[in-house]
Amino acid sequence: MSGDAYKVADQIAAYQESALIGTAVEVGLPNLLYGSPHNLEGITASLGTDPRGTMGLLAGLVTFGLVERDGETFSLTANGELLADEHPDSIAMISRKEWFFYKLWAEMPAAVRTGHTQTRAWRDRLENDPDQAHDFLRALDDLCRLYGGDLPELAGLENGGRLLDVGGGAGSHAANLVKAVDGLEATVLDLPGAEPVLEERHPGLAFVAGDIDQPRFGRPEGEEWDYVLVSNILHDHPAEENERIVREAAGLLAPGGTLVIYEWVIDEGRTSPPGVASFTPMMVIENEGGWTWTEKEIGEWLRAAGLEPQPISQGPGPIAVVKATQP
Ligand SMILES: C[S@@+](CC[C@H](N)C(=O)[O-])C[C@H]1O[C@@H](n2cnc3c(N)ncnc32)[C@H](O)[C@@H]1O
């Protein structure tokens with residue numbers, strides 16, 4: 001059996017496409033060209049870039065179908081327009097998030113050799129590099145707009161009530177649930193530095209500053225919630241931390257209340273489904289102890305917290321729901 005050298009060579013060079021898209025957004029090209037085609041001279045004058053470098057960038061973006069050339073004029077294609085911040089369905093923030101990780105992934109050999117993250121802890125990033133951290137949270141909100149619409153159906157919440165979205169960030173998933181379930185009121189709990197992004201993206205939601213690392217996440221004794229949502233949190237933490245997080249989340253539930261875990265759940269062999277398997281190395285490099293967890297592992301944490309997990313609810317997307325109710 002001989003391998004497909006062309007396919008592998010393409011995989012080796014695939015970074016160039018990501019790099020050029022990231023570069024275009026970094027230098028501000030899509031924002032400049034959005035609704036305003038320019039010639040090369042106009043582009044370099046506006047962006048303060050080098051003509052040869054800029055022409056190289058444009059040439060690559062034309063081959064990737066993001067820019068088109070008509071005579072001396074360069075404009076965005078419909079796909080290229082999605083990279084402009086002013087586009088109503090902009091995914092420029094996703095590009096900024098991935099540009100951060102693009103640079104980090106050059107350290108993947110160290111992550112693989114040592115098993116340790118190669119970036120600063122999130123709390124440090126949020127406190128000391130808030131612009132980048134806020135763009136990250138905005139990107140998660142945009143990713144939820146693209147891919148996260150399945151949560152309300154997977155969660156199947158039948159009654160309204162009070163929901164606490166733990167580590168809810170921009171509030172994207174809580175906002176989707178509030179829209180879908182009559183009488184549901186949501187409060188987002190996150191580190192204080194996340195609040196400005198929630199106010200910008202989902203101002204109708206309530207925010208409380210809290211800390212997943214603290215008992216009851218910092219919520220007072222006696223406070224009870226009908227629902228606690230733990231969305232995209234467990235993959236950021238090692239197993240022993242997750243056992244504690246799930247126990248604290250369960251402790252916030254009213255009798256009969258429901259814990260909803262929305263998470264990238266990996267199969268037992270840890271190589272499928274593909275969307276979850278390919279997400280796993282990102283967790284290894286991004287978070288100390290970051291990992292994707294199996295339904296069995298999540299079920300064990302839920303049982304240890306005194307809850308009985310329901311069977312996993314998985315749609316066509318990679319993120320699934322595991323629900324459990326407080327007796
Ligand atoms: C991967 S994001 C998930 C955001 C959101 N739940 C979602 O599903 O898109 C992790 C979230 O946890 C928050 N977070 C991280 N550490 C935290 C802590 N110690 N206490 C509270 N929130 C924290 C981050 O600010 C961020 O909003």
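The values are calculated or read from the model by the stated rules, or taken from the named source; none is laboratory data. Source: prediction; values computed, not measured. Please note: Cβ atoms are built from the backbone with ideal geometry, for glycine as well, and neighbour counts cover all protein chains shown.
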Note to self: Considering only residues that are touching a strand residue (DSSP E or B) at 6+ places or on another chain (Cβ under 8 Å) and either over 16 Å from Leu83 (Cβ atoms) or of a type in the set (Val, Ile, Thr) (or both), which ones fall in region 22-45?
What the structure shows: Asn39, Leu40, Ile43
Notebook entry, point to check: Are there any pairs, at least 6 apart or on different chains, whose C-beta atoms fall under 8 Å, with the first in region 143-171 and in contact (Cβ under 8 Å) with a residue 60 or more places away in the chain and outside the structural domain of Pro316 (by TED's automatic domain parsing) and the second surrounded by 18 or more Cβ atoms within 10 Å (Cβ to Cβ) and aromatic (Phe, Trp, Tyr), and if so, which?
Noted result: none
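Condition check ((1) of a type outside the set (Gly, Ala, Ser); (2) in a helix (DSSP H, G or I)) across all residues:
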| position | (1), (2) |
| --- | --- |
| Glu17 | yes, yes |
| Thr23 | yes, yes |
| Ser36 | no, no |
| Thr44 | yes, yes |
| Thr49 | yes, no |
| Arg52 | yes, yes |
| Met55 | yes, yes |
Next item on the list: Can you work out which of the residues in region 146-165 that are within 11 Å of the ligand (Cβ to nearest atom) and of a type outside the set (Phe, Trp, Tyr) is modelled with the lowest pLDDT?
Entry: Gly148
Notebook entry, point to check: Is there a residue in region 255-262 that is polar (S, T, N, Q), more than 10 Å from the ligand (Cβ to nearest atom) and farther than 20 Å from Val178 by Cβ?
Noted result: no
Item checked: Criterion violated by Asp129 - all others in (1) surrounded by 13 or more Cβ atoms within 10 Å (Cβ to Cβ); (2) farther than 23 Å from Ala14 by Cβ; (3) charged (D, E, K, R); (4) outside the structural domain of Pro238 (by TED's automatic domain parsing) satisfied -> (4)
Note to self: Take Ala170 and tell me if it is farther than 28 Å from Asp226 by Cα and not polar (S, T, N, Q).
What the structure shows: no
Notebook entry, point to check: Quick one: would you say Arg270 is in a helix (DSSP H, G or I), surrounded by fewer than 18 Cβ atoms within 10 Å (Cβ to Cβ) and in the same structural domain as Glu221 (by TED's automatic domain parsing)?
Noted result: no
Notebook entry, point to check: Looking at region 219-245, which of its residues are within 10 Å of the ligand (Cβ to nearest atom) and not in a helix (DSSP H, G or I)?
Noted result: Leu229, Val230, Ser231, Asn232, Ile233, His237
Next item on the list: Taking Gly168 as meeting all but one of (1) in a helix (DSSP H, G or I); (2) within 9 Å of the ligand (Cβ to nearest atom); (3) within 15 Å of the chain's Cα centre (by Cα), write down the number of the exception.
Entry: (1)
Next item on the list: Within region 114-145, track down each residue that is more than 12 Å from the ligand (Cβ to nearest atom) and either in contact with a Pro (Cβ under 7 Å, 6 or more places away or on another chain) or on the phi < 0 side of the Ramachandran plot (or both).
Entry: Thr114, His116, Thr117, Gln118, Thr119, Arg120, Asn128, Asp129, Asp131, Gln132, Asp135
Next item on the list: Take region 146-157 and flag every residue that is at negative phi and small (Gly, Ala, Ser).
Entry: Gly148, Gly149, Ala155
Notebook entry, point to check: Does region 296-306 contain at least one residue that is at pLDDT 95 or above, within 23 Å of Gly161 (Cα to Cα) and surrounded by fewer than 20 Cβ atoms within 10 Å (Cβ to Cβ)?
Noted result: yes
Item checked: Condition check for Thr23: touching a Phe, Trp or Tyr at 6+ places or on another chain (Cβ under 9 Å), surrounded by 12 or more Cβ atoms within 10 Å (Cβ to Cβ), of a type in the set (Val, Ile, Thr) and modelled with pLDDT of 95 or more -> yes
Notebook entry, point to check: Given region 96-152, what helices (runs of 4 or more DSSP H) lie entirely inside it while holding 1 or more residues that are aromatic (Phe, Trp, Tyr)?
Noted result: 122-128, 130-147
Notebook entry, point to check: If you check Val197 against the conditions, is it crowded, with 19+ Cβ neighbours inside 10 Å and free of Cβ contacts under 8 Å to residues at least 40 places away in the same chain?
Noted result: no
Check: Are any residues in region 71-113 touching a residue at least 40 places away in the same chain (Cβ under 8 Å), more than 16 Å from the ligand (Cβ to nearest atom) and β-branched (Val, Ile, Thr), and if so, which ones?
Finding: Val112
Check: How many of the residues in region 171-191 are within 13 Å of the ligand (Cβ to nearest atom) and either in a helix (DSSP H, G or I) or under 11 Å from the mean Cα position of the chain (by Cα) (or both)?
Finding: 6
